[in-house]
Amino acid sequence: MSVDNLGFLNEISPMFRPYIQSIFQDLKLGLCKAKVDLERIGGNSSGAESQFRLVLPYCSKKLKWDVIFDTSTPWFAPDFRFDDDSFLSSANEDYLTKSVPSLTNWDANNPKSLGDVLSELITLYKIHQVRKLHEDANSRASFEYSALMGNALTTEKDVEVWVGGHIVEFLIKLKVDVLRLPELYNDGTEQNPGIDTALLLVRYPNSTNAELILSPFLTKVLGKITLPMMHHSGVLMDYVPLVTEILNNKIYHLLNNDKLKRDLLAQLIVKFEGAILEHDASSAALLLQMNDFHWILQIDIGIKFPEKPPVLTLRSVYYSSKGKPKFKVLPNCPYTNFEGYIMQQVEIFKNECIGITQNQQIISIDN
């Protein structure tokens, strides 16, 4: 929660404050599962103790819905004012009772009551937008949506629709297999909400500018993804599976590379079992000796292995420069004759340490 929101929250009556605190802590709306934000109504503090504006994520938009409580009857459900005048404008009581039961059966003692109502209203808002889309049943966007719903990869809950004056937006959740990725990249999770999503944003009539929206975690893991051009003659029911396949192939490639990395480390650990100082999923440190010369071999394998070879670093146990152990980062090592290459480089490193030859400069950690 931002400092501004925290200050505004303190202005709201303690009777209604738990509802907002619960929303900030627990409620994540939309396919992007982004946090709900809070604003003053009209930008001033008048009536701030009982009314506020919630900013809700939907498609690429931010819906702004006003929530208005009555301090004289704080046990009553709040009133809502929507930024879309056509939303629920003609809804009757029976429809609301059936579609928004958390509002009809409002529980003033449950901090999650407001969040439950918002979730149900968002569901109705999605239905409302789809109905607006089909008001022009002959439009390209209406056809694309209907065809996409016939695709086994996509269901109604995987798509958010927004209809503007001359623009229609589709936000589509792609069925990407991310279940095994967290075990490969388990650092930096404090900046990731733990919901790993890949979304495709498509606008009509200019559908060629499709955008891929990845969660922070997937952005870190997959890097930059270049989408294929979606031509005017192309259709979403073909394009969505294509993009999904590209992402899943990328993930499969990463998983396969990780297996190769683990296999290489396992071979080294088995072969040099007595020399292992430490190791993890992507690195190992070995204490080795040759002709009474002891050194540490540090092996670091990056996420781009095997395209990018491991980084091998030799560190002397005895010799130092400027009070630090001497070390040498080796040139790209060949995958064939790995051990022979190491032994050759160690002999050169040894001679450099004891000063027999100075053909190659020893790098100091301070440099």
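Given a 1.4 Å probe and heavy atoms of the protein chains only, how would you sort Lys261, Lys35, largest accessible area at the top? Before the final figure, lay out each step's value.
Details: Lys261 20, Lys35 100 Å².
These residues rank, largest area first, as Lys35, Lys261.
Hey, what angle do you get for helix 17-26 against the long axis of the chain, alpha-carbon based, 0 to 90 degrees rounded to 10?
40
Whole-Hz Karplus ³J(HN,Hα) for segment 273-284, in order, using 6.51 cos²θ - 1.76 cosθ + 1.60 and θ = phi - 60°, x for Gly and Pro?
Going residue by residue, I get 4, x, 9, 6, 8, 6, 7, 9, 6, 9, 7, 8 Hz, with x marking Gly and Pro.
Based solely on its DSSP helices, what 222 nm [θ] is calculated for the chain when runs of n ≥ 4 H residues each add -39,500 (n - 2.57) and the sum is averaged over all residues, nearest 500 deg cm²/dmol? Spell out each step's value before the answer.
On the way: 9 runs with 121 residues, N = 367.
Helix-only estimate at 222 nm: -10500 deg cm²/dmol.
What is the extension gain from Ser321 to Ser60, computed as 0.36 nm multiplied by their sequence separation minus the C-alpha to C-alpha distance, in nm to one decimal?
Details: separation 261, 0.36 × 261 = 93.96 nm, distance 5.66 nm.
Additional length available on full extension: 88.3 nm.
Please list, ordered by chain and number, the residues whose modelled amide H lies under 5 Å from the amide H of Val168; skip anything fewer than 5 residues away on the same chain.
Tyr204
Per residue, what volume in Å³ does the Cα convex hull of segment 81-136 take up? Kindly include the intermediate steps, with their values, before the conclusion.
Numbers: hull volume 4.8 nm³, N = 56.
About 85 Å³ per residue, rounded to a whole number.
Among Ile127, Ile20, Ile296, which one moves the most in a GNM of the chain with springs linking Cα atoms closer than 10 Å?
Ile296
Comparing Thr244, Thr313, Thr219, which has the greatest mean-square fluctuation in the GNM of the chain with Cα pairs linked when under 10 Å apart?
Fluctuation is largest for Thr313.
So which aspartates and glutamates pass the test for Lys33, namely a Cα distance under 20 Å, with those fewer than 8 places away in the same chain ruled out?
Hits, sequence-local ones excluded: Asp116, Glu120, Glu156, Asp158, Glu160, Glu169, Asp177, Glu190, Asp196, Glu211.
Between the helical axis of 236-271 and the dominant principal axis of the chain, each derived from Cα atoms, what acute angle in degrees is found, rounded to the nearest 10?
Result, in degrees: 30.
At a Förster radius of 25 Å, what calculated FRET efficiency corresponds to the Cβ-Cβ distance of Ser86 and Arg40, to the nearest 0.05?
Working: r = 25 Å, r/R0 = 1.01.
After rounding to 0.05, the efficiency reads 0.50.
Which log10 I(q)/I(0) values, to two decimals, does the chain give at q = 0.09, 0.13, 0.15 Å⁻¹ under the Debye formula with one point per Cα?
So the normalised log intensities are -0.73, -1.04, -1.25.
Can you tell me the 0 to 90 degree angle between the C-alpha axis of helix 140-149 and the longest principal axis of the chain, rounded to 10?
Tilt of helix 140-149: around 70 degrees.
Could you tally the net charge around Ser316, taking each other residue with its Cβ under 14 Å from the Cβ of Ser316, Lys/Arg +1 and Asp/Glu -1? Show your work: numbers first, answer last.
Values: positive: Arg315, Lys322, Lys324, Lys326, Lys328, Lys350; negative: Asp292, Glu347, Glu352.
Around Ser316, the surrounding residues sum to +3.
When the label point is put 7 Å from the Cα of Ala147 along its Cα-to-beta-carbon vector, which residues of segment 227-244 have a backbone N closer than 17 Å?
229-244
Cross-link list Lys224/Lys250; Lys64/Lys224; Lys126/Lys250; Lys173/Lys220: which exceed 21 angstrom alpha carbon to alpha carbon? Numbers along the way, then the final one.
On the way: Lys224/Lys250 11 Å; Lys64/Lys224 32 Å; Lys126/Lys250 32 Å; Lys173/Lys220 19 Å.
Among Lys224/Lys250; Lys64/Lys224; Lys126/Lys250; Lys173/Lys220, the Cα-Cα distance tops 21 Å for Lys64/Lys224; Lys126/Lys250.
The values are calculated or read from the model by the stated rules, or taken from the named source; none is laboratory data. Predicted model, so just to flag it, every value in this text is computed and none were measured. Neighbour counts run over all protein chains shown; Cβ positions are idealised from the backbone, glycine included. All accessible areas refer to the heavy atoms of the entire protein, side chains included, with ligands and DNA or RNA removed. Shrake-Rupley method; radii C 1.70, N 1.55, O 1.52, S 1.80 Å.
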